[in-house]
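J.: This is the structure I want to talk about, given as C-alpha cells.
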Amino acid sequence: MSINHEQSIENNDDIIIIKDLNKWYGDFHVLKDINLRVKKGERIVICGPSGSGKSTMTRCINRLEEFQRGSLIVNGVEMIEDVKNIEAIRREVGMVFQHFNLFPHLTILENLTLGPIWVQKKPKKEAEAIAMKYLERVKIPDQAQKFPGQLSGGQQQRVAIARSLCMNPEIMLFDEPTSALDPEMIKEVLDVMVELADEGMTMLCVTHEMGFAKKVADRVIFMDAGEIVEQNTPEELFNNPQTDRLQLFLSQILDH
Amino acid sequence: MKEFTPLPDKPAPNDVVGIIPWLKDNLFPTPLNSLVTLAIIAFFVTVIPPLFDWLFFSANWSGTTQAACTNKDGACWVFVIAWSKQFFYGSYPVEELWRINTCLLALVAIIVASFKLHKDLRNKIAIPLFLLLPFLSIILLDGSLIGLEYVATDYWGGFTLNVMLAAASIIVAFPLSFLWALGRRSDMPFIRSVSVILIEFFRGVPVLALFFMGSVMLPLFFPEGTNVDKLLRVWIVLTLFMSGYMAEVFRGGFQAVPNGQYEAADSLGLGFWQKTLLIILPQVIKISMPNILATFVMLFKNTTFLLIIGIFEMLSTTQTALTNSNWLGGHSTEGYLFVAVVFWICCFSMSMISSSIERKLDTSHKN
C-alpha cells in the first residue's frame, strides 16, 4: 500500500487522489474502500440515492468529515491529523453547501472579503476589489451592501459560490447546491456553475440535476451504499448502465 | 389568452373599524367580560385617587428636617430629598463627587458610542474601552495612584456603587463566561472539566453564601498580612457568580448557531480563534442578548444583598437613614418605595436598550 502511495504522489496530473478510503459512523460503515482520482480541470458529477455516502465522500475531501482508514491527497498535500495541514488543504478547496451557509451577521461584501482578509492576509481594499469582481461574475454586484437574509435563495447560493471563488481555490466542491432552491432559481445557479466549468475549474458536484451532468461533466460517478458502483462519461452512464442498481436509480429519477 | 389582472382592493367592512366596534369587541363582548371590565374600572376609581393624593397632592416636598413633614396624610419626600446625596453617593467626600460622575458619564458615553460608531470603529475602540473602564474607574475613584486625594473604599457607597459594581462585574464576566462556555464545549477533557466545575459551582451556590465566603472565608486563604480590600473581594465574587450564569446563557447561544456556520468557516480555512471570534461569537451574542440582559438585571438587583455583609450600597444606606435619630418618624414606605422606583427605572431602561440592540442586530434572516 505504501508503494502505491508514493507512485500516486509522483503523478502530477491528479489533483485529488483517494485511496481505499473507509469511514464509519459508530458501527455504520458509510464509505467502503473508495478509490478515486481526479485530474486537474476535470468536472465530476456524483449521483446516487440518499444515504449512499456521496455527500460524506465529498466532505472528506476538505476534512469536514474525518475518515478512519485510507489515504487522501489533495493538490499534493496528504491529509493528516494536523491542524495546519488541514487548514492548508481547505485553502485550496472551495465548498458550496446545500443551505448556502452564508454568515448572516455580515453583509454580502463582508461575507466575500472575510476569507481573503483573514486567511490570505490581503489588504481590505484588494479583498473588496476581488469580491466585487466575483459578485459581477455571479451577476449580483448591486447586492453587495445587503445582508444574506434580504436575498432570494438563488442569489444567496450565487453569493456562496462567489465567496468560495474569492479564495482562488484549485478545486470546487458542490454539495447538492440546488436542492434547497425553488425551481425557477435552480437555473440561475446552474448557469453560474456551467460558466465556471467552461473556465476549466476542477469541480466535484453532488447533484440530482442530470441535465447539468450531461452538459458539463467529464465523468459521472454513481454511488450506492457507500461504494462507487459505476463511473463513466455521462452519455455512457445514462444510456448504458451496467448494473441493476444504476438502472433502478435511473428509472426512478428519469421517470417523471 | 386573457391577461391576468388581480382583483381590486376592497375597504374593510364598517363593523370592524372605529372605536365603537373596538370597545364592543375588546371590552364588552360577553356579559361576563362586561362585568370584569366594570369591576376593573371600579377598582381603579377607588384606588387611584387616594394613591395619587398620598404620592403627590398631599405630599410634603419642601424643607430639610423631619419637622417640615406637616401633612400626615401625604408622603414625606423631604426625607428622601434630605438624604438623596447619601442614597446616590454614600459617604464619598462631597468635593470629590466629580470622580464618580466622571466614571458614570464615561460608562454612558461608551454605551452611546457603541451604538453610534461605525461597526469597524466599534470593535476597535468601544470594546477595549469597555474592558478598561472598570480598572480606570477604580484608579480614579481611589485616587492615590494619580495624585488625587485618597478615598478608601469604606466611603464608597450609595446607588452609584450598585451601578458601578454591577457594570464592572458584567464587563469582566463577559469575556470570562465566554471562555468558560467555550471550555465546556471543548474536546479536551481537562479544560472541559475545569469549566464545568467552575460554572456549576458558581451557579449552584446561593449568591448570599458566595458573599459571605467572599467576605469571611476568602481572607483565610490569603497569605498572612495581605489585606485584600473587601469591595475588591465582593467584585470578584460578583464577577464569578455572573460568569457562571452567563456561561450557561452563552452555551445556549452556541447550540443555537447552526452547524453549517462552523462548516462554512472551516471550509474557508479560518483558524479556530478566527472562526470563533469572527463567525460564531457575533451570532452567539445576538441569540443570547435577551438572556444576557435578564442575567444582568438579576445581578444588578442582587447587589442590594451586599447590605448583609456591610457594604454601603443604596438599600443599606436607606436603612441607615431610617434609623437615624433625627428621622425616626416612620419613613420606611417612602424610603423603600424610592429605592424600588430607582431600581425599576434602571432595569426598565436596560430592557429598552436591550430591545433596541436586538432590533439593531436583527438583520432579518433565519438560516
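The values are calculated or read from the model by the stated rules, or taken from the named source; none is laboratory data. Everything numeric in this text was worked out from a predicted model, so none of it was measured. Ideal geometry is used to build each Cβ from the backbone, glycine not excepted, and the neighbour counts take in all protein chains shown. SASA here: full protein model, heavy atoms, side chains in, ligands and nucleic acids out. Shrake-Rupley method; radii C 1.70, N 1.55, O 1.52, S 1.80 Å.
J.: I'd like the accessible area for A:Lys84, computed on protein heavy atoms only with a 1.4 Å probe and all protein chains in place. Round to 10 Å², please.
T.: The accessible area comes out at roughly 140 Å².
J.: When 1/r is averaged over all different Cα pairs and the result inverted, which Kirkwood radius in Å belongs to the protein assembly as shown?
T.: Values: mean 1/r = 0.0331 Å⁻¹.
By the Kirkwood definition, the hydrodynamic radius is 30.2 Å.
J.: What FRET efficiency comes out for B:Gln274 versus B:Leu7 if R0 is 51 angstrom and r is the Cβ-Cβ distance? Round to the nearest 0.05.
T.: On the way: r = 54 Å, r/R0 = 1.06.
Computed FRET efficiency for B:Gln274 and B:Leu7 comes out at 0.40.
J.: With only Lys, Arg, Asp and Glu charged, each at its Cβ (+1 for the first two, -1 for the last two), find how big the charge dipole of region B:157-361 is about the Cα centre; round to the nearest 20 debye.
T.: Details: 12 positive and 10 negative charges, 59 e Å.
Dipole of region B:157-361, to the nearest 20 debye: 280 debye.
J.: Stokes-Einstein diffusion coefficient for region B:290-367 at 25 °C in a medium of 0.890 mPa s, Rh from the Kirkwood formula over Cα pairs: what value in µm²/s? Could the numbers behind the result be given before it?
T.: Details: Rh = 14.8 Å.
Reported coefficient: 165 µm²/s.
J.: Just to verify a number: what accessible area does B:Ile171 come out at with the full protein assembly present, 1.4 Å probe, Å² rounded to tens?
T.: Result for B:Ile171: roughly 20 Å² accessible.
J.: Same structure again: Could you give the nm distance between label points at B:Leu32 and B:Leu131, where each point is 7 Å from its Cα heading toward the beta carbon?
T.: Placing both labels 7 Å beyond Cα along the Cβ direction yields 5.9 nm.
J.: What ranking do B:13-22, B:320-329 get when scored by the average of other Cβ atoms within 10 Å per residue, highest first?
T.: Details: B:13-22: 9.5, B:320-329: 13.5.
Packing order, densest peptide first, comes out as B:320-329, B:13-22.
J.: When Cβ neighbours within 10 Å are restricted to other protein chains, what is their mean count per residue of peptide B:267-280?
T.: Values: counts 19, 18, 16, 7, 5, 2, 0, 4, 1, 0, 1, 7, 5, 1.
So the per-residue partner count for this stretch is 6.
J.: Per residue, how much accessible area does the protein assembly as shown have with a 1.4 Å probe, in Å²? Each step should come with its number before you reach the end.
T.: Working: 32040 Å² over 623 residues.
Counting only protein heavy atoms, the per-residue value for the protein assembly as shown is 51 Å².
J.: For region B:194-245 and region B:144-186, write down the distance between their C-alpha centroids in whole Å.
T.: About 13 Å separates the Cα centre of region B:194-245 from the one of region B:144-186.
J.: If I model region B:157-361 as equal point scatterers sitting on the Cα atoms and use the Debye formula, what is log10 I(q)/I(0) at q = 0.07, 0.13 Å⁻¹?
T.: So the normalised log intensities are -0.28, -0.82.
J.: Other chains near B:283-292: what is the mean number of their Cβ atoms within 10 Å of each residue's Cβ? Intermediate values should be presented prior to the final figure.
T.: Values: counts 4, 0, 1, 2, 0, 0, 0, 0, 0, 0.
Mean shielding by partner chains, rounded to a whole number: 1.
J.: May I ask for the net charge around A:Asp218, where only other residues with Cβ less than 10 Å from the Cβ of A:Asp218 are counted and Lys, Arg are +1 while Asp, Glu are -1? Before the final figure, lay out each step's value.
T.: Details: positive: A:Lys39, A:Arg43, A:Arg219; negative: A:Glu42.
Overall, the nearby charge balance is +2.
J.: What is the packing order of peptides A:65-71, B:276-282, taking the mean over residues of other C-beta atoms within 10 Å and listing the highest first?
T.: Working: A:65-71: 15.0, B:276-282: 18.1.
Top of the packing list down: B:276-282, A:65-71.
J.: With helices defined as uninterrupted DSSP H runs, which ones in chain B have an alpha carbon span along their own long axis of at least 20 Å and mean Kyte-Doolittle hydropathy of at least 0.5?
T.: Numbers: long enough: B:31-52 (31 Å, 1.95); B:97-116 (28 Å, 1.68); B:127-142 (24 Å, 2.39); B:158-184 (37 Å, 1.56); B:189-204 (22 Å, 1.12); B:230-256 (39 Å, 0.86); B:281-302 (28 Å, 0.98); B:332-361 (43 Å, 0.97).
Correct list, ordered by number: B:31-52, B:97-116, B:127-142, B:158-184, B:189-204, B:230-256, B:281-302, B:332-361.
J.: To continue, here is another question. Could you look at chain A and say what percent of its accessible area is carbon and sulfur, using a 1.4 Å probe and all protein chains? Let's see the in-between values first.
T.: Working: 5380 of 11350 Å².
On chain A, the fraction of accessible area on carbon and sulfur atoms equals 47 percent.
J.: Helix-derived [θ] at 222 nm for chain A: sum -39500 (n - 2.57) over DSSP H runs of at least 4, divide by residue count, nearest 500?
T.: After summing the helix terms and dividing by residue count, I get -12000 deg cm²/dmol.
J.: What average count of beta carbons from other chains do you get within 10 Å of the Cβ of residues in B:254-266? Display every interim value, and only then the final one.
T.: Details: counts 0, 0, 0, 1, 3, 3, 6, 5, 2, 9, 14, 6, 7.
The shielding value for this peptide is 4.
J.: To the nearest 500 deg cm²/dmol, what mean residue ellipticity at 222 nm is calculated for chain B from DSSP H runs of n ≥ 4 alone, each contributing -39,500 (n - 2.57), summed and divided by the residues? Write out the running numbers ahead of the final one.
T.: On the way: 14 runs with 229 residues, N = 367.
Theoretical 222 nm ellipticity from helices: -21000 deg cm²/dmol.
J.: Then there's this: Which ³J(HN,Hα) values in Hz, rounded to whole numbers, follow from the phi angles of region A:73-78 under the Karplus curve 6.51 cos²θ - 1.76 cosθ + 1.60, where θ = phi - 60° and Gly and Pro get x?
T.: Per-residue couplings from phi come out as 10, 10, 6, x, 10, 7 Hz.
J.: Over what distance in Å are the Cα centres of region A:174-204 and region B:47-96 separated?
T.: Spelled out, the Cα-based centre of one part sits 73 Å from the other.
J.: Still on this structure, please answer the following. Summed for both chains, how many Å² of accessible area, to the nearest 100, are buried between A and B with a 1.4 Å probe?
T.: Details: alone 12380 and 21860 Å², together 32040 Å².
Between A and B, the summed buried area is about 2200 Å².
J.: Ok, one more. Could you calculate the contour length gain from B:Val216 to B:Trp344, that is, 0.36 nm times the residue separation minus the distance between their Cα atoms, to one decimal place in nm?
T.: Working: separation 128, 0.36 × 128 = 46.08 nm, distance 3.11 nm.
That pair, B:Val216 and B:Trp344, stretches by 43.0 nm at full extension.
J.: Okay, next question. For region B:157-361, build the charge dipole from Cβ charges (+1 Lys, Arg; -1 Asp, Glu) around the Cα centre, then report which of B:Ser288, B:Ser354, B:Ala256 sits farthest towards its positive end.
T.: Final value for the positive-end residue is B:Ala256.
J.: So for chain A, averaging the separation of alpha carbon pairs under 8 Å that are six or more residues apart and normalising by length, what relative contact order in percent results? Display every interim value, and only then the final one.
T.: Working: 439 pairs, mean separation 63.1, N = 256.
This gives 25 percent for chain A.
J.: Quick check for me: using +1 on Lys/Arg Cβ and -1 on Asp/Glu Cβ, what's the dipole size of chain B about its Cα centre, in debye to the nearest 20? Could you put the intermediate results ahead of the total?
T.: On the way: 23 positive and 23 negative charges, 159 e Å.
Charge dipole of chain B: 760 debye, to the nearest 20.
J.: Still on this structure: Pop a pseudo-label 7 angstrom from the Cα along the beta-carbon direction at both B:Leu97 and B:Asn324 and give the gap in nm to one decimal.
T.: Spacing of the two 7 Å Cα→Cβ label points: 1.3 nm.
J.: Peptides B:76-86, B:62-72: what's the order by average Cβ count within 10 Å, highest mean first? List each step's numbers first, then the result.
T.: Numbers: B:76-86: 20.3, B:62-72: 12.6.
Peptide ranking by packing, descending: B:76-86, B:62-72.
J.: What residue among A:Asn111, A:Asn168, A:Asn85 has the largest mean-square fluctuation in a Gaussian network model of chain A, using Cα springs under 10 Å?
T.: Top of the fluctuation ranking is A:Asn85.
J.: For A:Lys215 and A:Lys32, what does the FRET efficiency come to when R0 = 25 Å and r is the distance between their Cβ atoms, rounded to the nearest 0.05? Kindly include the intermediate steps, with their values, before the conclusion.
T.: Numbers: r = 30 Å, r/R0 = 1.21.
Once the sixth-power term is evaluated, E becomes 0.25.
J.: Let me know the charge dipole size of the protein assembly as shown about its Cα centre in debye, to the nearest 20, where only the beta-carbon of Lys, Arg (+1) and Asp, Glu (-1) is charged. Working shown, then result.
T.: On the way: 52 positive and 62 negative charges, 267 e Å.
Result for the protein assembly as shown is approximately 1280 debye, rounded to the nearest 20.
J.: Something else: What FRET efficiency would be calculated for the residue pair B:Ser62, B:Lys360, taking the C-beta separation as r and a Förster radius of 41 Å, to the nearest 0.05?
T.: Taking R0 as 41 Å, the efficiency between B:Ser62 and B:Lys360 is 0.40.
J.: How many nm separate the modelled label positions at B:Ser84 and B:Leu208, each set 7 Å beyond the Cα in the direction of the Cβ?
T.: Label-label distance for B:Ser84 and B:Leu208, simple model: 3.3 nm.
J.: Using a Gaussian network for chain A with springs between C-alpha atoms less than 10 Å apart, which of these wobbles most: A:Met172, A:Met203, A:Met132?
T.: Comparing A:Met172, A:Met203, A:Met132 in the GNM, the peak value goes to A:Met132.
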